[in-house]
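Participant: Can you keep this structure in mind? I'll have questions shortly.
The values are calculated or read from the model by the stated rules, or taken from the named source; none is laboratory data. Bear in mind the structure is a predicted one, so any value in this text is a computation, not a measurement. All Cβ positions, glycine included, derive from the backbone under ideal geometry; neighbour counts span all protein chains shown. For accessibility, only protein heavy atoms count, side chains too; no ligands or nucleic acids. Shrake-Rupley method; radii C 1.70, N 1.55, O 1.52, S 1.80 Å.
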Amino acid sequence: MNIIEDLTYLQSIVKSLPDPVFILSEDARYLAVLGGIDSRYYHDGSGLVGLSLYEVLVEEKARWFHERIQEALQSNTLLITEYHLGNFDVLGLEEKEGPSEVIYFEGRIQALPDLFDGKRAVLWMASNISKRHNLEVRLRSLCEIDELTGIYNRRKLLTELKSHMDEYTRCKNPLSLLMLDFDHFKAINDKYGHDIGDIVLKEITALCKQHMRSYDIFARYGGEEFIICMPNTNLEQAYQSAERMRQEIEKVKIPIRDQMISTTISIGLTQITPQSMTPSDIIKKADTALYKAKKEGRNRTVVA
């Protein structure tokens, strides 16, 4: 092969790359689009050449890409990042155009040594990692979600609680914690069977969620013990929420196999203080209050 044949062959190889490779200028303009022939994941990007990112993407997303280009140029080393794109990120698409789901990418960005029309540029290779991302999300969910009730498990609770307690150390935002337990739940299992007991747990869990805010943390702590972490909530506010929840559960009758099953809950309530600065400290205080609620007759809220 002579040099011209070599270049033609090289261009043919680059164009055959399954993942798209973009040449992007320092002022966020598409200079070239190569590869991306895997039609399962990518559309023809040749029409992007000459356009600015700000003409293709919504401003926030275009700015993010532009910042990554500048970061790669400043570091002059390979930059690897992950990002996602949906049809809502692309300008000019009709509602039903584009992918129906968000697509996740890994971007490998490298500053190029030569100038293009007097401007610096980067090579940006985009690889579709949606399958890997979705698998990671599922595996993370299995590690964080209680299989029966669909709420957080103990592991996730302790992680979230530690994060909010660290925030309290910095900002002194109030934080309240409820520990609740089903009253005489063993009697339900003994009388109706554990499968019915599981249904009761799921039904009451769903009812509790209706009384909570989106940023409250609800977790199954173990067996029929549950914990609700309420950020930015003082003791009085938490007590009112706990009582509304308790009274609502007291009224509920769950129809199962031609029977109406009812239950009640006992609640121990506490709040974070400078003396309770670890998750185990504040949980222990709530547990002590819960024990007192049971000892005093159950179906009540007791403040530590």
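Participant: For the condition touching a residue at least 40 places away in the same chain (Cβ under 8 Å), of a type outside the set (D, E, K, R) and more than 30 Å from A293 (Cα to Cα), what is the one hit in S176, S141, S127?
Facilitator: Of the residues listed, the single one that is touching a residue at least 40 places away in the same chain (Cβ under 8 Å), of a type outside the set (D, E, K, R) and more than 30 Å from A293 (Cα to Cα) is S127.
Participant: Taking region 144-196, which residues are farther than 19 Å from F218 by Cβ and among the small types (G, A, S)?
Facilitator: Residues satisfying the conditions are A187, G193.
Participant: Can we say T169 is β-branched (V, I, T) and either open to solvent by 90 Å² or more (accessible area, probe 1.4 Å) or over 16 Å from the mean Cα position of the chain (by Cα) (or both)?
Facilitator: yes
Participant: A follow-up question, please. Only one of Q237, Q271, Q275, Q247 is more than 19 Å from H164 (Cβ to Cβ) and either within 32 Å of the chain's Cα centre (by Cα) or open to solvent by less than 80 Å² (accessible area, probe 1.4 Å) (or both); which?
Facilitator: After ruling out the rest, the residue left standing is Q247.
Participant: Can I ask one more? Inside region 269-304, can you point out the residues that are of a type in the set (V, I, T) and touching a residue at least 24 places away in the same chain (Cβ under 8 Å)?
Facilitator: Result: T270, I272, T278, I282, I283, T301, V302, V303.
Participant: For a quick check of your reading: which strands (runs of 3 or more DSSP E) sit entirely within region 204-304 and have at least 3 residues that are not hydrophobic (A, V, I, L, M, F, W, C)?
Facilitator: 217-222, 265-271
Participant: Among the residues of region 192-234 satisfying the criterion of being open to solvent by less than 20 Å² (accessible area, probe 1.4 Å) and touching a Ser or Thr at 6+ places or on another chain (Cβ under 7 Å), which is farthest from C143 (Cα to Cα)?
Facilitator: Restricting to residues being open to solvent by less than 20 Å² (accessible area, probe 1.4 Å) and touching a Ser or Thr at 6+ places or on another chain (Cβ under 7 Å), the top hit is T233.
Participant: Scan region 278-302 for residues that are within 18 Å of D166 (Cβ to Cβ) and of a type in the set (S, T, Y) and report the count.
Facilitator: The number of residues fulfilling the criteria is 2.
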